[in-house]
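The structure appears below as structure tokens.
The values are calculated or read from the model by the stated rules, or taken from the named source; none is laboratory data. This is a predicted model, so every value here is computed, not measured. Note: ideal-geometry Cβ built from the backbone for every residue, glycine included; neighbour counts use all protein chains shown. Just so you know, the surface numbers come from the protein's heavy atoms only, side chains and all, with ligands and any DNA or RNA stripped out. Shrake-Rupley method; radii C 1.70, N 1.55, O 1.52, S 1.80 Å.
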Amino acid sequence: MSRLLDPVETIRAHLSQWREPVVDLDTFGTAEPEAMAAMVDGFCRDALGSGVAGYLFCAASQASTHGVGLADGRRVVVKLHPAPGAHPDRRHDRLALESIRRAVEHLHAHGFACPRPLAGPTPLGRGLAMAEEFLDQGARGDGFDPDCRRILARGLFEVTTLLTPLRQELPGLHSFFQPAERRYPVPHSRLFDFEATADTAGWIDAVADRARAASVHPGPVVVGHADWRVEHLRFGGGRITASYDWDSVLPLPETQLVGITAASYTTDWSGEARGRVPTVGAMHDFVAAYEDARGARFARRERDAVFAMAVYTAAYGARCQHSLAPERGPGDWPDDSWPALLRAAAREL
């Protein structure tokens, strides 16, 4: 069992990694470690009946996430979501978070390897706090490994099978990808400025436009996990043993869900492992593994739409990386990068 860490020092170490801790400011309304630790402790006392004895970790992506050990011995994860207006394309208001909690409770009740929700959504700071059990069984996976890929694809299909019948009971969920009025969604992080780097991104945008048009398909809508990748999963004994980031539960066409996943399932941005961005072949391999899991092949038009959505997803990733190095041309990127994948995929599109 992991040793508990000092809450304030753990938060301070987390904040030191950021030039500006925008997620924590959008959630807590402060970047003072003592104040943040006190707010998490107060939430745990009020919502879970026990204060914080120490920290397991602290991280931030779309939300500010705090793994804590409680005084009563439980280990839980507290996730503080920004106020609904903090990001125009990621609207996690109370209604959406209540639907996410219901979806995860349903999965947990059916034996799926996901954390059991414990509390929330509850107002805290500027945002809404949720608590779930701490689940850490299993090991990280390698999406390029065929066995891992099969388990991952089977897990995604199991999620859609369990959640899609609940679609009408899960109001308020919004898709992040492909806003109707814009080429891309507003970037998920303020690290990426698409507008400021648009002058040198024309080649990316041209592929994105072609892919976006080709990805439209009036197929069935499913409810699934739209950020289903090795970073958010743990594996053991030939199965998924833990799954995270359930903020990404969304209703969307099955072809889009599979395309998004095909373009990202190998990625793990939490470490230094190589091979994080898939190859074109790995994208096709995932689609085939998903088809095996569902027991039916996609029709030709559906499969084209799946691949087009994968290319659109790669274009979004390429735009993110390009915004950090806009001086690089199309051929200046290493193989393990979104721009390099996009160039290769565009030939097939």
Give the separation of the Cα centroids, the stretch 3-26 to the stretch 224-239, in Å.
26 Å
Mind checking which of Ala63, Ala38, Ala310 has the largest fluctuation in a GNM of the chain, springs on alpha carbons under 10 Å?
Ala38
Rounded to whole Hz, the Karplus (6.51, -1.76, 1.60) HN-Hα couplings of the stretch 29-45, x for glycine and proline:
x, 7, 10, 8, x, 5, 5, 5, 4, 5, 5, 5, 4, x, 4, 5, 4
The stretch 243-349: GluC sites (Glu not before Pro) in DSSP loop, at most 13 other beta carbons within 10 Å
Glu272, Glu327
Just want to confirm a number: the relative contact order over the chain, from Cα pairs under 8 angstrom separated by 6+ residues, in percent.
15 percent
Based on the alpha-carbon gyration tensor of the stretch 217-347, what equivalent-ellipsoid semi-axes (square roots of 5 times the eigenvalues) come out, in whole Å, largest first?
24, 19, 14
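Rounded to the nearest 500, what is the 222 nm mean residue ellipticity of the chain from helices alone, with -39500 (n - 2.57) per DSSP H run of 4+ residues and division by all residues?
For the chain, the value works out to -13000 deg cm²/dmol.
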Project the alpha carbons of the stretch 1-75 onto their principal axes and report the range along each, largest first, in whole Å.
35, 25, 21
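Which chymotrypsin sites (Phe, Trp or Tyr not before Pro) in the stretch 268-349 sit in a loop by DSSP (not H, G, I, E or B) and have at most 12 other Cβ atoms within 10 Å of their own Cβ?
Those that pass, being in a loop and sparsely packed, are Trp269.
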Quick one: which residues, 5+ away or cross-chain, put their amide H under 5 Å from the amide H of Gly29? H built at 1.01 Å from N.
Arg126
For the stretch 217-256 the translational diffusion coefficient, Stokes-Einstein from a Kirkwood Rh over Cα pairs at 25 °C and viscosity 0.890 mPa s, in µm²/s, is roughly 216 µm²/s
Largest first and in whole Å, what are the equivalent-ellipsoid semi-axes of the chain based on the Cα gyration tensor, each being the root of 5 times an eigenvalue?
33, 24, 19
Dimensions (Å) - the stretch 3-149, Cα atoms, principal axes, largest first:
44, 38, 34
Carbon and sulfur atoms: what percent of the 1.4 Å accessible area of the stretch 63-212 do they account for?
51 percent
Quick one: accessible area per residue over the chain, 1.4 Å probe, rounded to a whole number of Å²?
43 Å²
